[in-house]
Amino acid sequence: MVRILHTADWHLGHTLAGYSREAEHRAALDALVAIAAHEAVDAIVVAGDVFDALNPSAEAQTLFFDTLARLRAVRPHAAIVVVAGNHDPAGRLEAPGGLYRLAEVTVVGTITRRPEGPDLARHLVPVRDAHGAIGAHVLAVPFPRVADLPPLDGAVAGSPVVAGVRALYGDLIARAKAAIGESPLVVTGHLHVSGGLESEGAERRILVGGEHAVPPDVFPEAAAYVALGHLHRPQAVGRETIRYAGSLFPLSKTESGYDHGVTIVEIAGADVASRHVPLPRPVPCLRVPARGAIPAGAVEAALAGLGLADDPAASARPFVWLSVAVEGPAVGLHAEIGDLAERFPVRLAGLALERPAAEGDVAQAEALAVRLAERAPAEVFREAYAARHGAAPTPAHEDAFAALLGMDEEEA
């Protein structure tokens, strides 16, 4: 039997509302290294989005290399496989190839091809148990960019992008199985598989050609396990052996309720079992209130009711997303609540102002559907102002808009 730690979507260098997440990343990766040691894993697979940006900071890169070194130290014989995601600079990720080889780490940013086809020596990695016996292989496939997709012969039914991804995986898996025989094959992927739950505001719609997702059956049954990255919620898609490990901790408001962690995969011949191992959350990520919205006048009491420590370190302060119900004008409310939040040991990650649905909203929406060319600019301004602030514009606002409109007409 071999045991594999599947993780993904580290997003090193990520910031939230301008706040660094470096301290959280260090704590989460400390826990990940401890899990690798405790579980005595034979492989660590990182399924993309190591970094949050195509130009990662020196600090983010240092944390990545330090983590690889620590994983190698705690699991000297383990295969360590990293593939690029859509956030990663594929070429830069691969650049320290000589150093990776010294550390026996496989990092794949793009599909490497030879005249006869994909270079399996680059993409196929054996997984050995503690005694040196091969118990599985990892087929390292990064985020499929345009140049990675094979040419298609003739017309295809449905999306040519999905067909290209299907052909890519079909070819790679067929070649890998021909090379390894009955050895179980673990395949990586960094893309959106249809049926997976997205995290609103955090995950880009990434496939080329305007496509968004591929069906689970692009991964043939010959793949014993598919280690996915891109979606931040841990979940299976299509079948139990196609799984997203999820991110290390919440990267957006939507993710605050997720059970973040890593996936441990145990493979013994044809038997494959996986289990979720949660990671401790480095700092709390709170939605206030948990559901709905509170009046602006109740924000101070709600923050006080969190019962937080008086003066934690700045990097240990909880992230808070506030939802505030408003009915009248909200001019200056963002700044007012921001100043109020600074009196508490929290980091305000987001503020949503929510208004109750008014009667006649449907009729108003239908009225607004009239072509703009048929409406007076001042009328559109008044309706937009009322929708934004819950009250009609004052004469001063109307005068200011008229002055701006007059300037535009003069320039025209």
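In terms of its C-alpha gyration tensor, segment 2-278 comes out rounded, because the ratio a/c of the largest to the smallest axis stays below 1.5. Relative to the longest principal axis of the Cα atoms of the chain, helix 22-38 runs at roughly 30 degrees. Near residue 229, the amide H atoms lying under 5 Å from its own belong to 189, 190, 191; only residues 5 or more places off or on other chains count, and H is placed 1.01 Å from N.
For segment 174-185, backbone phi angles converted through the Karplus equation (6.51, -1.76, 1.60; θ = phi - 60°) give residue-by-residue couplings of 4, 5, 5, 5, 5, 7, 10, x, 7, 4, x, 10 Hz, Gly and Pro being listed as x. Loop-located trypsin sites (Lys or Arg not before Pro) in segment 249-336 (DSSP state not H, G, I, E or B) with no more than 11 neighbouring Cβ atoms inside 10 Å: 291. Per-residue Karplus couplings for segment 54-59, computed as 6.51 cos²θ - 1.76 cosθ + 1.60 with θ equal to phi - 60°, are listed in order as 5, 10, x, 5, 4, 5 Hz, Gly and Pro entered as x.
For residue 44, the residues 5 or more places off, or on other chains, whose built amide H falls under 5 Å of its own are 5, 79, 80, 81.
Here the Karplus curve 6.51 cos²θ - 1.76 cosθ + 1.60, taken at θ = phi - 60°, turns the phi angles of segment 69-75 into couplings of 5, 5, 5, 5, 5, 7, 10 Hz, with x standing for Gly and Pro. Multiplying the residue separation of residue 400 and residue 301 by 0.36 nm and removing their Cα-Cα distance gives an extension gain of 31.9 nm.
Hey, how many Å between the Cα centroid of segment 376-401 and the Cα centroid of segment 103-151? Centre-to-centre (Cα) distance: 60 Å. At full extension, residue 103 and residue 74 could sit 9.2 nm farther apart than now, given 0.36 nm per residue minus the alpha carbon distance. Short-range pairs are left out: with C-alpha atoms under 8 Å and at least six residues apart, the relative contact order of the chain is 14 percent.
Annotation: amide H-H contacts under 5 Å for residue 294 (H modelled 1.01 Å from N, sequence separation of 5 or more, or interchain): 323, 324, 325. To the nearest 0.05, what FRET efficiency results for residue 37 and residue 273 with a Förster distance of 22 Å applied to their C-beta separation? So, using R0 = 22 Å, E works out to roughly 0.60. A DSSP coil position with no more than 16 other Cβ atoms inside 10 Å describes the following GluC sites (Glu not before Pro) in segment 279-356: 327, 342.
Please go through segment 67-169 and write out the GluC sites (Glu not before Pro) that DSSP classes as loop and that have at most 10 other C-beta atoms within 10 Å.
Working: sites: 94, 104, 116; in loops: 104, 116.
In loop regions of segment 67-169 (DSSP not H, G, I, E or B), the sparsely surrounded GluC sites (Glu not before Pro) are 116.
The numbers here are math on the coordinates, done by the rules we state, and not lab data. A quick note: this is a predicted structure, and the numbers were derived from the prediction, not measured. FYI the Cβ positions are ideal-geometry reconstructions off the backbone, even for glycines, and counts take in every protein chain you see.
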